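Have a look at the structure below, then the notes.
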Amino acid sequence: MINFVFVPPQSDVTRAFAAQLQDDVEGLVVHVPESEAEAMICLAKADAAFGALSPELLRHAPNIRWLHSRQIAPPPGYFHDALVEHPLVVTNTREVYNDHIGAHILAFVLSLSRDLPYYHTQQLKGRWAPKPLNSDVVFLPEATALIIGVGGIGAEAGRMLSAFGTRIIGIDARRTSMPEGFAEMHGVDAVDDFLPSADFVILTVPHTPQTEGMMDLQRFRRMKASSFFINIGRGLTTRLNDLVVALEEGHLAGAALDVFDQEPLPEGHPLWSMPNVLITPHMAGFGPYLEERRYKILRDNCLAFVEGRQLANIVEKRSWF
């Protein structure tokens with residue numbers, strides 16, 4: 001029998017997952033401790049766990065071989081040194097957000113390409129104020145989108161945007177195959193080469209030691225003045241103060257952001273009042289079926305673990321994704 005522990009704190013979702021797993025996976029004994037003290041007792045005989053294992057909890061799990069993260073990109077501190085050095089395998093829930101976040105990126109691109117932030121401002125003021133004919137419109141069939149981070153989300157966003165005739169160039173640390181709709185794929189060392197030619201720079205990368213602060217003032221200054229920056233990955237990949245400076249200096253035409261290096265974005269932050277900036281409060285992944293998708297990944301991996309098969313969504317622990 002395989003002992004599987006849901007690490008507290010628990011929620012209605014984790015309790016429901018646990019109950020369903022007990023029914024769905026023969027050979028799995030599921031434990032749902034409600035306190036850390038109970039968790040330490042359960043972890044003493046655990047083969048696998050769901051959630052986060054602090055260094056202290058990890059010390060109480062001498063036999064653990066697999067840890068499943070609820071999140072695609074868990075918060076800083078999840079991949080502490082003891083976890084990275086431990087031989088256990090970590091898996092995550094990537095792929096559950098592809099369509100929802102892909103649609104959100106597309107909404108940002110379409111809004112910016114048609115100058116909707118300006119017209120929404122005029123609407124709130126009750127003003128009929130069209131700009132001069134054909135001004136501040138990006139013609140998507142002649143535009144280039146640089147997607148930095150071509151996992152499931154970036155690939156889906158590129159596929160959707162390519163339907164408008166936009167040229168899609170991908171940058172990724174791992175992917176070498178060409179996703180549907182992409183014209184080119186390059187490694188991360190090519191970012192600076194393509195920033196000056198992109199009309200949209202779309203950042204979908206997770207926060208890792210390598211990506212923290214990767215979009216800074218130097219890179220914003222490489223973008224052309226008519227271009228737009230979009231971030232829906234993780235806030236700490238972008239230096240927001242540098243973005244503000246770049247926007248004020250006219251190094252790019254605007255931005256759309258769903259994630260921030262401080263969340264919530266502080267009241268009075270300059271980005272709130274910039275007329276060429278779209279802000280959503282870290283909700284690009286909102287949409288139906290998320291818990292069903294998360295459960296399916298967990299269930300399928302539990303079946304694989306019990307049967308001794310390869311797990312899906314394995315994380316490179318040193319890279320955090």
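The values are calculated or read from the model by the stated rules, or taken from the named source; none is laboratory data. Since the structure is predicted, the reported quantities are computational estimates derived from the model, not experimental observations. When we count neighbours, we look across all protein chains shown, and the Cβ atoms used for this are built from the backbone with ideal geometry, even at glycine. We work out accessible area using only protein heavy atoms, side chains counted, and drop any ligands, DNA or RNA first. Shrake-Rupley method; radii C 1.70, N 1.55, O 1.52, S 1.80 Å.
General remarks:
- Test: residue in region 258-278 that is under 23 Å from Glu156 (Cα atoms), of a type outside the set (D, E, K, R) and open to solvent by 10 Å² or more (accessible area, probe 1.4 Å): yes
- Which numbered condition Ser54 fails, given (1) open to solvent by less than 50 Å² (accessible area, probe 1.4 Å); (2) more than 28 Å from Val205 (Cβ to Cβ); (3) out of contact with any Ser or Thr (no Cβ under 8 Å at 6 or more places or on another chain); (4) not charged (D, E, K, R): (2)
- Those residues of region 288-321 which are more than 16 Å from Asp47 (Cβ to Cβ) and hydrophobic (A, V, I, L, M, F, W, C), in sequence order: Leu290, Ile297, Ala312, Ile314, Val315, Trp320, Phe321
- Residue satisfying condition, being over 22 Å from Ala18 (Cβ atoms), among the hydrophobic types (A, V, I, L, M, F, W, C) and in contact with a helix residue (DSSP H, G or I) (Cβ under 8 Å, 6 or more places away or on another chain), within set Ala255, Ala312: Ala255
Yes or no, residue by residue, for (1) hydroxyl-bearing (Ser, Thr, Tyr); (2) closer than 16 Å to Phe220 by Cβ; (3) touching a residue at least 12 places away in the same chain (Cβ under 8 Å):
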{"site": "Arg239", "(1), (2), (3)": "no, yes, yes"}
{"site": "Ala246", "(1), (2), (3)": "no, yes, yes"}
{"site": "Gln262", "(1), (2), (3)": "no, no, yes"}
{"site": "Glu267", "(1), (2), (3)": "no, no, no"}
{"site": "Trp272", "(1), (2), (3)": "no, no, no"}
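- Residue that is nearest to Leu67 (Cα to Cα), among those in region 263-321 that are part of a helix (DSSP H, G or I) and of a type in the set (S, T, N, Q): Asn301
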